[in-house]
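Read-outs throughout are calculated quantities, based only on the coordinates presented, and are distinct from any laboratory measurement. Predicted, not measured: the structure shown is a model, and the values here were computed from it. Cβ placement follows ideal geometry from the backbone for every residue including glycine, while neighbour counts extend to all protein chains displayed.
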Amino acid sequence: MNVLWDLDHTLYHTNEKMFDAFKWATVSLAKEYGIKLSDDVLYQKALNSWNEHACSRQFLVLEHGIKFEETHERYHQLIDTAEISIYKGLHDAFDALEGKVEHALLTHGSHYWAHRVLDHLDLKPYFKSSHILSIDCFDGHPRKDAGTKVYEEALAHLGWSSFDYMIEDSADNLIAPKKMGATTILVNHNGEQNLEHIDYYFDTAIEVLNFLSNK
Ligand SMILES: [Mg+2]
């Protein structure tokens, strides 16, 4: 069984402090680029960018001409991971699937970030290093909500002809996997449960792993 995971807010829960940490990393990044605005103004711009574009750095691209690709790794170096905590029992739930599931990860974060978070959560034993993928692995940083391209590239990289399940906290990122024949699972969904392209809804990654253990 081939299972593809998103990372942030999927394998762990992004609480308010963590949500803030992403925005403050953007503030720090803007200051490194010499943008002379107050912290509060930069924070608000990061928040607006997140709400409008699902990317807190988008205002750096649109208002300051700073290339998204150029800041991808540095931004992730500036994020404070102190607030990332593991779901209690997640390791046991992964252990229960040993030998039954091949896990891979595909994140909009940087490759550096994917490794840093998996190390932080002690989840590396469940993901072969070749199976830890991020959009900066691919030319042009193709996004998961922009069509099947990034998924096709990921499958080629993984040596998979298809994937059985895609697990995400973003409903938009599941449109392409559904088109490609994967079973789609939305986690941390805030009650959103009536979407045509979503097959299953769960609250946490542990619930997903328990569900997969019965497949
Ligand atoms: Mg996510």
What is the helix-to-structure angle for 16-32, meaning the angle in degrees between its Cα long axis and the longest Cα principal axis of the chain, kept from 0 to 90 and rounded to the nearest 10?
40
Sorting Leu133, Leu62 on the 10 Å Cβ count, fewest up front, what's the list?
Leu62, Leu133
Against the longest alpha carbon principal axis of the chain, how many degrees, from 0 to 90 and to the nearest 10, is the axis of helix 111-120 turned?
70
Treating the beta-carbon of each Lys and Arg as +1 and of each Asp and Glu as -1, no other charges, what is the dipole magnitude of the chain about its Cα centre, to the nearest 20 debye?
320
Which is the longest part of the chain that has none of the GluC sites (Glu not before Pro) sitting in a DSSP loop with at most 13 other Cβ atoms within 10 Å?
1-97
Tell me which lysines have Cα within less than 29 Å of Lys45's Cα, excluding those fewer than 8 residues away on the same chain?
Lys17, Lys23, Lys31, Lys36, Lys67, Lys144
Given 20 °C, 1.002 mPa s and a Kirkwood radius over Cα pairs, the Stokes-Einstein diffusion coefficient of the chain in µm²/s is 120
Measure nothing fancy, just the Cα-based angle from helix 68-77's long axis to the longest principal axis of the chain, in degrees from 0 to 90, nearest 10.
80
